[in-house]
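Notes for the one structure printed next.
The values are calculated or read from the model by the stated rules, or taken from the named source; none is laboratory data. All of these numbers come straight from a predicted model, not from anything done at the bench. All Cβ positions, even for glycine, are placed from backbone atoms using ideal geometry, and neighbour counts span all protein chains on display.
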Amino acid sequence: MVATRTTDVLIVGAGPTGLCASLLLSQQGIAHVLIERGEDVLQAPAAHVINTRTMEIFAQLGLPVEELYGLNRHPNAHKISWLATLQSPVLGEFDLLANPQSLAQMMASSNQHTTNISQHMLEQYLLEKARSFECADIRYGARWLGFVDDAMLVSAVAQSSDQANLHVHAKYLLAADGASSAVAKALNIRRTGPEAIATFINFSCAVDINKAVGGDDTGQPVNPNLLLWLLDPDLMGTVIVHDPKQLSVFMKLVSDDTTSADDYDDKETQALLSKVFGTDFQLQHKSLWRMTAQVAERFRHQHVFLVGDSAHRFPPTGGLGLNTGVGDVHNLVWKLAACLRDPQQQPLLETYEQERRPIALRSTDVSVNNNRKMEEVLFALGLDPSKAQLLQKIMSSALIRAMPKSAQKRIRAILVAPVRRRLALAAEDGSQGQAIRERTAKAIDDQEEHFNTIGLQLGSVYEPNVAIRASTEQMRQAEVSTYDPVACIGARLPHVALTPATDVTSTLDLLDYSRYTVLVNGLAEFDHHKLQTFGQAIKVLRLDDDLLLADRKTIEAAYELGAGEWLLVRPDGIIADRSAATV
Ligand SMILES: Cc1cc2nc3c(=O)[nH]c(=O)nc-3n(C[C@H](O)[C@H](O)[C@H](O)COP(=O)(O)OP(=O)(O)OC[C@H]3O[C@@H](n4cnc5c(N)ncnc54)[C@H](O)[C@@H]3O)c2cc1C
């Protein structure tokens, strides 16, 4: 028997992108079905960096951000360290709090800030919120199988629990089905860029990281590390501390021909993790993943839109993947809402790919560059990263694996000895060690773009299109790590702090996702009906309204809004137009 369901939007995949899309659609009162092939939310984390722009989007969604910040289980994390093993001396570190200028810039640029929330906890939270809306029909254990020919889009879905088929008839489909998107494959949408840069196994463990780094649990301050890069050739990987008391992930580089996390059997896994943590731990989950850098050639096929990892996959160096997926659906959903209300607004949908693909391409470049630059730290320490891959390859070759374990051990010891010597040299107290560490510190200072992407998040400017008026002024694309707030057409409306008379603390809080907003400076007669808003309602805010009066001068200056001028802002916070294109 085939059950049929008709809806406005079908979302395939309940990762962070799909769940966020569901919340945005619900906020607009749009009926939708969300199908997820898994029986439950993710059990172990991948992402953890939830950046400022994503927090702004969550705030606009009406999510109580204090609850979200409360999900950060490692609020004092501010260090990234490089060391041979968890128990050996630190050879270099990056302190996220060390640069007062960057910190001041970040604080001034938004009323939100970057935080760390483990992806599985974020998904659980978003799911609970998404389920609270009546217009959301959320089904786990339902796999998207393919399109069925129909005038509207129809997708065939097999319910994995009882194998019954469900046909969903939808006007639009959002493919939020991740890096190996079946929807993109069915549409023959190709991706460009390398498919496999490196292969990793993530081991999620319940472990007390304080004990692991050699302390005990009596009165030791909590270890401030978010990431610990382990360089010993037997370990070669990263510890991501999600919760210093009880959750860390060890991300191990493995040979590219590894096909499953089970290639590491239980005995091998236990031995490896005992060596990493050197203290009690409990393995909770392990998974294999490949680092890629690919962007889909098209983000749209008729009424189907690729969003999140189905459209782009980056190396995690920069923490941009999840955040870009949230940005995608925030960009798209208000446009879908406009077209569902009025099919005449279809040209608006073309702007999704026009705006988001360049962001994905730039984010890919930044992430790849960050990944490459990490190698400079290794070079500074006298290590050659390509040899780590080679070592994995040699040790996993059929020839070596056919040898007795004792012979394998001897060969490995010979191959890794030079690396251990270099690490020992870098750790020694003498002048040679000192010089290596100074060189390493310089290479680490150069990693700013990896850990600070404020410019990329807040200062990216969309090119002119039907929803962004062309300006005669040159577009100013921000650098990755520096943000200079400019209210130019195509940019996110800069945050201006408001006198805290109410819970509205930023001009960003004035924006409404279901409407355009126009900020008007002192025009008695102002005909907002002439503005291009694609049939969307418009909220008119005057700088002399009670709400803004106290901050009028600051807003005028920040937005360069002279007397009689106005600024038109889209529901997603992008400046669509302004009366005098002075910036
Ligand atoms: C180690 C690591 C660390 C990372 N750290 C960060 C970070 O700090 N910050 C950051 O922004 N990003 C980070 N990322 C990237 C981030 O995890 C991804 O970008 C993010 O998960 C993408 O979300 P998504 O919803 O687009 O896709 P996914 O999370 O992959 O979700 C896709 C969903 O679709 C479902 N699905 C697939 N096929 C079907 C089908 N046929 N039918 C129904 N359902 C289907 C899947 O089961 C899955 O639940 C990291 C990644 C890794 C590996």
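The table that follows gives values for the structure above.
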{"read-out": "Residues within the range 315-354 that are surrounded by 24 or more Cβ atoms within 10 Å (Cβ to Cβ) and at pLDDT below 95, tallied", "value": "1"}
{"read-out": "The range 225-281: number of residues that are closer than 18 Å to HIS74 by Cα and polar (S, T, N, Q)", "value": "4"}
{"read-out": "Matching entry among GLU449, GLU479 (being surrounded by fewer than 22 Cβ atoms within 10 Å (Cβ to Cβ) and without any contact (Cβ under 8 Å) to a residue 60 or more places away in the chain)", "value": "GLU479"}
{"read-out": "Failed criterion for GLY490 (all others in (1) surrounded by 15 or more Cβ atoms within 10 Å (Cβ to Cβ); (2) not in a loop (DSSP other than H, G, I, E, B); (3) not hydroxyl-bearing (Ser, Thr, Tyr) hold)", "value": "(2)"}
{"read-out": "Residue within the range 36-49 that is more than 14 Å from the ligand (Cβ to nearest atom) and in contact with a Phe, Trp or Tyr (Cβ under 9 Å, 6 or more places away or on another chain) present", "value": "no"}
{"read-out": "Subset of the range 296-314 that is away from the ligand (no atom under 13 Å from the Cβ) and not acidic (Asp, Glu) - its residue that is surrounded by the fewest Cβ atoms within 10 Å (Cβ to Cβ)", "value": "GLN302"}
{"read-out": "Residue in the range 372-386 that is at pLDDT 95 or above and in contact with an Asp or Glu (Cβ under 6 Å, 6 or more places away or on another chain) present", "value": "no"}
{"read-out": "GLN87 modelled with pLDDT under 95, of a type in the set (S, T, N, Q) and touching a Gly at 6+ places or on another chain (Cβ under 9 Å)", "value": "yes"}
{"read-out": "Single match in VAL329, VAL333 (criterion: near the ligand (Cβ under 10 Å from one of its atoms) and either of a type outside the set (Ser, Thr, Tyr) or in a loop (DSSP other than H, G, I, E, B) (or both))", "value": "VAL329"}
{"read-out": "Residue among GLN392, GLN408, GLN434, GLN457 that is touching a Lys or Arg at 6+ places or on another chain (Cβ under 7 Å) and on the phi < 0 side of the Ramachandran plot", "value": "GLN457"}
{"read-out": "Subset of the range 50-69 (residues that are outside any helix (DSSP H, G or I) and more than 23 Å from PHE451 (Cβ to Cβ))", "value": "LEU61, GLY62, LEU63, PRO64"}
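Every residue, every condition in (1) assigned to a loop (DSSP other than H, G, I, E, B); (2) modelled with pLDDT under 95; (3) on the phi > 0 side of the Ramachandran plot; (4) not assigned by TED's automatic domain parsing to the domain that holds ALA478, yes or no:
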site	(1), (2), (3), (4)
ALA98	yes, yes, no, yes
MET107	no, yes, no, yes
LEU126	no, no, no, yes
SER161	yes, yes, no, yes
LYS171	no, yes, no, yes
ILE189	yes, no, no, yes
